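First comes the structure, then the notes that go with it.
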Amino acid sequence: MFIERDVLIVGAGPTGLTLAVDLARRGVRALVVERADGLFPGSRGKGIQPRTQEVFDDLGVGEAIRAAGGPYPVGMIWQDGRRLGEHRMFDESDEGGADSAYREPWMVPQWRTQEILAARLAELGGDIAFDRELVTLDQDADGVTAGFASGPPVRARYAVAADGGRSAVRRILGIAMTGETVDPNPMLVADVRIDGLDRDNWHIFPPVGDTGFLAICPLAGTEDFQLVAQFPQGTAITPSLATIREVVAARSHLSPDAVTAMSWASDFRPRAALADRFREGRVFLAGDAAHVHSPAGGQGLNTSVQDAYNLGWKLGAVLHGRAPESLLGTYEEERLPIAADMLGLSTRIHRGEARRGAATRQLDLDYRGSSIAVETRTDLPTGALRAGDRAPDCAPATRLFDEFRGPHWTLLAIGPAASADLPPLHTVRLPSYEPYGDGLFLIRPDGYIGWAGDSPAGITPYLAHTGL
């Protein structure tokens, strides 16, 4: 006997849960399956970039994410038990304001982000099946059939691999990843309780001799710290409380007993890798299953969430019969180049070749080269907003994101176009708004400008192709 769904999502991390929430609010029947017996327990991906904060606001979890976390603390460099001075972990932002309600990354431990997304999914009627280890995945012309080590198989029209860097789905599909070792030195990351350190700073203990660095960051919204320690190449790491106490005592002014508890720990080797393709028939790769980042740039979780945000509205449009199946081809077309760029940025930051600046906030990412970014205006000035760009937020007397929020498209009419006879869409008319200029702007459900023109002529074919 099969469990039948529209979409099977393998993996209950931030990627899978974001996609499940987006599909649930669109009335798509999805099932999230997770190999583990519960949600991931660690803080690993703790940085929520401004663009991802916008996504979470749209999905109905923005307030909960803000309440659960806090801003990043200023780094403090230590040597021989003395504070040497502050170290700014991020470049100051001159972005935000009218363009976005969010200016800086927001710290929320990954386990808490997942709890918030899972609660939202339950609120929307979705569910997660734990202890479901995928062992087979077969495709035919109408759908996919997934088999598990225990429990009934699942039959779905589409499947999405959101099961991490060691993706079982990707392995079954035979999709290779091309990548490199970003840093040969292994790392230890852990969530710990520590006495003797303030929570106002991200405490950094530079390497001495042949040891690696130690960084201890207070986790906003909790009593824990995230500890990250680097080790010499070839070191075998045992992720344990004893190891953590030994490292803290050797590399800081604290005693071993200052580490009073450990709730989670893991070792890893920083690497960057990109799947050769993001789709095989009716199966899509998203998140770490498609791209693996160094944690240095804070891009992994954020790029992953936006994979899901890009795919969700497209699956919804096709599954509801509003758009042709070819729309799903634009997922890889749009997301693979973005993932490649973000991987490069993460690697450069890890190696000290770039700073954590404007690019890491992901507000300037665009889909200008996409086949569904249609710009019909001519003679646009340099720097003009174009189809494929992220739609800016604020306008006189209204926040545009309040109008964009939800699974719908929005037609924005500015200047002379505001008085035109327009298609029956959710429409906002403004006499003027400088960031856009005059014209018609069709805003996709994921907040990007899909079509732009001076008049409604030509908009109808675009609507038919994209699901309206």
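Rounded, prolate or oblate, given the Cα gyration tensor of the stretch 374-466, with a/c below 1.5 counting as rounded? It comes out rounded by the Cα gyration axes.
Over the chain, what is the mean sequence separation of C-alpha contacts under 8 Å (at least six apart), divided by residue count, expressed as relative contact order in percent?
The value is 17 percent.
Between the listed residues Gly69, Ile244, Gly45, the Cα displaced farthest toward the positive end of the dipole of the chain, a dipole computed from Cβ unit charges relative to the Cα centre, is found at Ile244. Labels on offer are (i) 1.53; (ii) 1.02; (iii) 0.95, and the one holding Cα Rg over 2.2 N^0.38 Å computed from this structure is (ii). From least to most packed, judged by other beta carbons within 10 angstrom and beginning with the fewest, Arg368, Arg157, Arg5 follow the order Arg368, Arg157, Arg5.
Placing unit charges on the Cβ atoms only, positive for Lys and Arg and negative for Asp and Glu, gives the stretch 150-208 a dipole magnitude near 660 debye about its Cα centre. Give me the dipole magnitude in Debye, nearest 20, for the stretch 374-466 about the Cα centre, with unit charges on the beta carbon: positive for Lys and Arg, negative for Asp and Glu. Computed about the Cα centre, the dipole is about 180 debye. About its Cα centre, the dipole of the chain is roughly 500 debye, where the only charges are +1 on Lys and Arg Cβ and -1 on Asp and Glu Cβ.
Computed from the coordinates by the stated procedures, all read-outs in this text should not be read as laboratory data. Predicted model, so just to flag it, every value in this text is computed and none were measured. In this analysis, Cβ positions are derived from the backbone assuming ideal geometry, glycine residues included, and neighbour counts consider all displayed protein chains.
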